Amino acid sequence: MRLFLATFLVLTQLTANGWTQGDDDELASLESLLMGGAEVISVASTKPESIFNSVSNVTVITRQTIERFNYGSVSEAIESVAGVMVWRTYFLKRLQTFRGGLQEQYANKSLVMINNVPMWHAVTGEGYIDRVPIDAVERIEILRGPASVLYGSNALNGAINIVLRRPKKGERDGQISAGAATTHDKFEGYGEASRAVGQYASTGKDGSYNVIGGMVSESWPMYTFNDEGRLDNKVRDFDRVRSLTASGEWKGHSLLANVASVKEGFLGTTPARSAGIGNPHEREFELVSYAYSFGPEWWNLKYSATYDRQRRNFSRADDDNTRTDTVGSRTTNSLSARVELFDYWSVEAGGDHDYRVSYRYVNYDPRTMLTLTTSGIPNENEMRDRTAWEGSAYVQLGFDKAPWRFLVGSRYTNNQLFGDNLSSRGSAVYQISERQSVKAVAGQSFRAPTLFEQYFLTKPVTAGGVVGNPGLSPEKSDSVELSYLASWGHLFGQLTGYWTQQKNRIFRSLGTFTRAGETYNNVNFYTNANEFNARGLELELRYSRGQTEAYAAWDYIDGNKGDVTTITNTGDIPRETYNYKYVPRYTLSSGLSHAIGGFFLGGNVTHYSSVDTLRTRLGHNSWLDLNAGYATGRIRHTLGVRNVTASRVSIPEYVRQRVVESVPLQTGRRLEYTFNVQF
C-alpha cells in the first residue's frame, strides 16, 4: 500500500503537465471498429491494428456494448465471446478458460493485463480478472490461441487486455456510479450496496491522468451444498472488490498503479464443512508499472519495469480458527525495439527478465497470529523463500503491403529450473477489401510450472492432501487456425476453425506418489498429462446500427482422450478422467439491445450443452439476463435482472475428483439498480 501511495503522489504531481493514455482513435465505437476498421487493438501486436488486419484472432468488447448489455464485471462480459468460458472450482472463482483448456485450481493458463501490463500471482500463477470495476473500462480485448511469443510463459492459451477509460484530448471527464441489489431465496431475502465507483480524468497538451476508485459487491441467493462428508451446508456466494487505480502518460513516460482487495465466498480448502465452507477467501493486489518509449516515426525503443505483489488468505476450518496466508511477488524488466525497415518491412526484438518470490505459505491461528507447528516445526508447507527467475528474448519480422500482411517470430526462454524453450508463431492476413479478410495463424506457447505446483507439501501428509512435484515438465500448446472476417452493411461476422494440441498439461491426479524418497498414499499430486488435442469452430455475429445492437457467439469443440487417466476412489470402481470429458461440446451466447428516445431495453442468454462429471452427466444449462432503463443527458438509470428464471446452473468438479460431482455457477435470481452520472 505504501508503494502505491508513493506512486499516486508522483502521478498527482505530474498532472500539471497533462497525462494521456493514448490517441483519440482509441475511443472507437462498435460500428467504427467492426465496419470502418478503426486501428485500436493492442493485445495482438505492439502496433495498433484493426479487427480486419490484426495478426491474431481477436474479439473486442467496446464501452458501448458494456453499457447496452449492462455487464456487471469484466468476467461477465467476456462470457459473450466464442471460445471463452468463466468457470470456478470449489476453491477459486472467475477462472477464464480458452477453447476448453481447463484451468486447474488456478487460472494460470491465460494471461490477464491492464493497459497491456501483465498481472499474476508469483506463487500460483493466476491473474484475477476483476481488479478494476467495469464502469472504468473502455474496452476489453480477447486474444484466443497461444501468445507466448508476444507475452511469455503465462499466455499459454490466450490473453485478455483490459483498457481503461479516458477522455478525449483537451477534455476533462468524471463519473460516479452507485448501485443496490437484492436476492431472494427459500432461506431469506438479502440486500446490499452493490457498487460505488468514482473516476476522474483530465488531458492537456502533452497528456492526461486517470484516477479510478471504487467498490463492487456481488452476492447471490443462498443454496444447499452437499459436501464430501455428505453434509448439507447453507452457502451464499459473494464477491466484494475494492480497488484504486491511477494511470497515465506524458512525453513517452507511462505509469500504471493498482491496488485491490477481494473477499469471495468459497467451498473450502477441500469441499468439506471442516475445511471452511462459506468462510471468506481473501486476496490483495499491489501493482506498479513504469515504461518509457522514444523514437521517431520509423523506429521506437521501449523500456518497462513492473512490480506485482499478490496475497491470498483463506480458511481451513469450519470455525475459521485455522487459515493460510500466501504472499508472493514478481519483478519484471523488459526492453524492446521496433524498426520500420525499407518499404514494407519491419522488425521487432526484445527481452524480458522475470524474478519470482514466494515469501510465505503458512498455516496460522488468526486469534493469535501464530504459525501452527507440527512436532514443533512451523507449518510453512515447504514454500518459504522459494524463488525462480526466467529470462527470454524474442524477434518478429513483419511485412505489410496491401492486401497482404505477414508476421513471423520466435521467443527463446531460459527458466532457472526448466532450462530452454523455443516457441514460434506465424500469421498471414489477406485483406480482400477494407471490410473483408482471411487470416491464417500457427502458434506455440510455453508455461513453466509454478512454485506451488513444484514444492507444496503439508506435513504430516494426510489422505486427500495436495503434494507438489519437483519433477514436472513445462506445459506446451500448439495451434493452427483459419479465420474469415467480413462486414456487410451493419452486420459483422467472423468464422474460425482451429486445431489445438496440449502437451504436458499439469493437473492433480489421485493415488500414490513418491517425492524425495518418501511415499504418500491416496493423495492429490501434481503430474503431467499425455498429449491431447481438439478441433473446433467459432462463429461470431454482431449487428450495430444506431440505437440497436445484437450479437451471437457460438463455439463447437471436439476433443480427444489422449490425456485419459484412471482414478479409483475408496469403495468406487475405476473412473476415466480427461480434460475434454468436462467441457461442453458447444456453447452459445446471444443478446439484443435497443433504445427509443431515452429508454433502453436489453437482454442476453448463455447456454451450455450437457457435459460429463466424474460419474454422472449434467444436463443442458441456460440463463437469461435482462436490463431496462432511462438515460437523459449525462445521467443513466438501469435496472438489471441476472438469471431471470432463477436457474441453478452447475458445472463439473474436475480438480479433486472424489465425492462431489459438481459445483454451482449460478444459484438464483439477482436484481440490481445502478445509477451513473458523468460530469
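Derivation of every value follows stated rules applied to the coordinates shown; laboratory data play no part. Fair warning: this is a prediction, and the values are worked out from it, not measured in the lab. So basically every Cβ, Gly included, is an ideal-geometry build from the backbone, and we count neighbours across all protein chains shown.
Sorting 146-156, 197-207 by their mean Cβ neighbour count within 10 Å, with the most densely packed peptide first, gives 146-156, 197-207.
Farthest towards the positive end of the charge dipole of the chain, among the residues A260, N154, N379, is the Cα of N379, using unit charges on the Cβ of Lys, Arg, Asp and Glu.
The residue among S73, S315, Q416 whose Cα reaches farthest toward the positive pole of the charge dipole of the range 2-678, with charges on the beta-carbon of Lys, Arg, Asp and Glu, is S315.
Our coupling estimate for the range 127-143, obtained by passing each phi through the Karplus curve with A = 6.51, B = -1.76, C = 1.60 and θ = phi - 60°, is x, 8, 7, 10, 6, 10, x, 5, 4, 9, 9, 7, 7, 10, 10, 10, 9 Hz, Gly and Pro reported as x. From most to least packed by mean Cβ count within 10 Å, the peptides 394-402, 107-115 give 107-115, 394-402. For S56, no residue whose modelled amide H falls within less than 5 Å of its own remains once neighbours fewer than 5 places apart on the same chain are excluded.
Computed from point charges on the beta carbon alone (+1 for Lys and Arg, -1 for Asp and Glu), the dipole magnitude for the range 363-506 about its Cα centre is near 300 Debye.
Starting from the Cα gyration tensor of the range 2-678, take the square roots of the eigenvalues, sort them a ≥ b ≥ c, and report rounded, prolate or oblate (rounded when a/c is under 1.5, otherwise prolate if a/b is larger than b/c, else oblate). Because its axes are fairly even, with a/c under 1.5, the range 2-678 counts as rounded. Residues in the range 324-340 carry Karplus couplings, in order, of 10, 10, 10, 10, x, 8, 10, 10, 10, 10, 9, 9, 9, 9, 10, 10, 7 Hz; the curve used is 6.51 cos²θ - 1.76 cosθ + 1.60 with θ = phi - 60°, and Gly or Pro positions show x. What whole-number distance in Å separates the alpha-carbon centres of the range 83-100 and the range 359-414? That distance is 20 Å. Helices in the chain, meaning DSSP H runs of at least 4 residues, each add -39500 (n - 2.57). Divided by all residues, the mean residue ellipticity at 222 nm is -1500 deg cm²/dmol. The ranking of D308, D343 by Cβ neighbour count inside 10 Å, starting from the fewest, reads D343, D308. For the chain, a crude dipole built from +1 on the beta carbon of Lys and Arg and -1 on the beta carbon of Asp and Glu, taken about the Cα centre, is about 600 debye to the nearest 20. Ordering 616-623, 491-498, 384-391, 209-216 by mean Cβ neighbour count within 10 Å, with the highest value first, yields 209-216, 491-498, 384-391, 616-623.
Between W298 and L539, the C-beta separation translates, for a Förster distance of 30 Å, into a calculated FRET efficiency of about 0.15.
For V467, nonlocal amide neighbours, meaning residues 5 or more places apart or on other chains whose placed amide H falls under 5 Å from its own, are N524, F525, Y526. Taking other C-beta atoms within 10 angstrom as a stand-in for reagent exposure, E576, E340 fall in the order E576, E340, fewest first. Close amide H pairs (under 5 Å, H built 1.01 Å from N) link F532 with Q502, residues at least 5 positions away or on another chain.
Which listed residue (V137, G668, H637) has the Cα farthest towards the positive end of the charge dipole for the range 2-678, taking +1 on Lys and Arg C-beta and -1 on Asp and Glu C-beta about the Cα centre? Of the options given, the answer is G668.
By the count of neighbouring beta-carbon atoms within 10 Å, fewest first, W345, W87 end up ordered W345, W87. Which FRET efficiency value, to the nearest 0.05, is calculated for E518 and R242 with the Förster distance at 41 angstrom and r the Cβ-Cβ distance? Efficiency at R0 = 41 Å is approximately 0.45.
Our coupling estimate for the range 55-68, obtained by passing each phi through the Karplus curve with A = 6.51, B = -1.76, C = 1.60 and θ = phi - 60°, is 7, 9, 8, 10, 10, 10, 9, 8, 4, 4, 5, 4, 6, 5 Hz, Gly and Pro reported as x. Annotation for the range 551-574 versus the range 425-447: alpha-carbon center distance of 30 Å. Bridgeable lysines around K263 (alpha carbons under 19 Å apart, same-chain partners fewer than 8 residues away excluded): K93, K234. With a/c under 1.5 counting as rounded, go ahead and sort the range 136-219 into rounded, prolate or oblate using the C-alpha gyration tensor (a ≥ b ≥ c being the square roots of the eigenvalues; past the cut-off, prolate if a/b is larger than b/c, else oblate). Judged from the Cα gyration tensor, the range 136-219 comes out oblate (a/c at least 1.5, b/c at or above a/b). With the convex hull of its Cα atoms as the shape, the range 245-327 has an orientation-averaged projected area of 7.2 nm².
Only the Cβ atoms of Lys and Arg (+1) and of Asp and Glu (-1) were treated as charged; on that basis the dipole of the range 109-228 about its Cα centre amounts to roughly 740 debye.
Could you sort out which of K109/K302; K168/K439; K109/K401; K476/K581; K169/K439 sit more than 30 Å apart by Cα distance in this structure? Beyond 30 Å between Cα atoms: K168/K439; K109/K401; K169/K439.
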